[in-house]
Structure formats: C-alpha cells, structure tokens
Amino acid sequence: MKKLIISILVLIVSFQLSAQSKTGTIDTEFILSKMPELAKVQEELKTYNGKLESDLKVKVDEYQAKIKDYQEKSTSFTEPMKKTKQEEIINLENDITKFRQNGSQLVQLQQNKLLQPLYQKIGKALEEVAKAEKFTQVFTITTSGLAYIDPNYDLTQKVMTKLGIKLEESK
C-alpha cells in the first residue's frame, strides 16, 4: 500500500513538473518600426493630417472674411442684421476652436485605425510562433516594465522572421 501511495505521489509530482508554463517576451513596437508597411501608414497619416490642416485653413479664411466684411459694412447694417452677423462670427470662432481641439484626437484615431492591421499581423505571427514553440505566456516588453529578459525567451526575432522582416546587422 505504501508503495502504491508513493508511486502515485511521484506520478503527480512528475506531471506537475512537466506541465509548467513556458513564458517569452516580444517587442511589438520594435517589430512595427521594422515593418515595410509602416511607411505607407505614415504617408496616409501625413495625407490625413494635411487634409485636416486644409479644412482648418478654409474655416479660418471664412472667419477672417466675415470679420472683414462686418467691419467694412457694419455702419450700413440694421441692429438685427448686426446681431445676426455677430452670431455667425461667434459660431465660426467656436467651430474653429472645437476643430483645433478635436484635431489631435482625430489624428490619433486615424493612426490607430491604420496601425490596427499591422498589429493584427504581428499578433497572428506571434500566435503561430508561440504555439509552435509551446509558449504558454508571452509578455510585451514595451508595456510590461520587465527588469530582465533572457534573450533565449525573446520571440521578437522569430516573429520578425515569420513576417519576413530582415534585420540589418549592426557593425
């Protein structure tokens, strides 16, 4: 009976030892910076930003034209007309202020939208590498704040290879 209990305990301990998790790390921001598709994303973002700046310039030009028109013709306006023109100018000014405030948020949203497919591509490659090498957990270096990482468990290079990204050798 003692031998049976000891053998069961040994068997349980050996299962637990073999079932330990294998963890790795990945630097997704580094991979992203090396992806050739990033140049296209940056160009699209630059174009989008230019469009926003162009739209803002149109609004500012319209605002300045209304102010100039009001200043030149204010003596010929009746009181109700003056009030209407002033409200138009104030509304345009508020619109410009909101547009400026929302501009950076719009650019950030567009950037997220354009980068999403690249992150999904990295995630898919990571999943394939992690499954092939039997990793149970993978930490992202850029957001984890890890103090030490054993390079043997860093999957960054393997994921880059899976994505077909070549890293230039430093001299």
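Throughout, read-outs are computed from the coordinates displayed, never taken from laboratory work. For clarity, every value in this text was computed on a predicted model and none was experimentally measured. Virtual Cβ from ideal backbone geometry, glycine too; neighbours counted across all protein chains shown.
Return the distance in nm (one decimal) between the two label points of a simple spin-label model at LYS59 and THR142, each offset 7 Å from Cα along Cα→Cβ. My value for the distance between the label points is 3.0 nm.
Would you work out if the stretch 45-171 is rounded, prolate or oblate? Take a ≥ b ≥ c from the square roots of the eigenvalues of the alpha-carbon gyration tensor; rounded if a/c is under 1.5, else prolate when a/b is larger than b/c, oblate otherwise. Before the final figure, lay out each step's value.
On the way: a/c = 4.76, a/b = 4.03, b/c = 1.18.
Judged from the Cα gyration tensor, the stretch 45-171 comes out prolate (a/c at least 1.5, a/b above b/c).
Mind checking which of GLY164, GLN71, PRO36 is farthest towards the positive end of the stretch 36-171's charge dipole, using Cβ charges of +1 (Lys, Arg) and -1 (Asp, Glu) about the Cα centre? The listed residue farthest towards the positive side: GLY164. Backbone amide hydrogens, once placed in the peptide plane, bring GLY24 within less than 5 Å of GLN137, VAL138, PHE139, excluding anything fewer than 5 places away on its chain. In this structure, the residue pairs whose Cα-Cα separation is over 21 Å, taken from LYS121/LYS162; LYS22/LYS131; LYS34/LYS134; LYS51/LYS83; LYS131/LYS158; LYS40/LYS158, are LYS34/LYS134; LYS51/LYS83; LYS40/LYS158.
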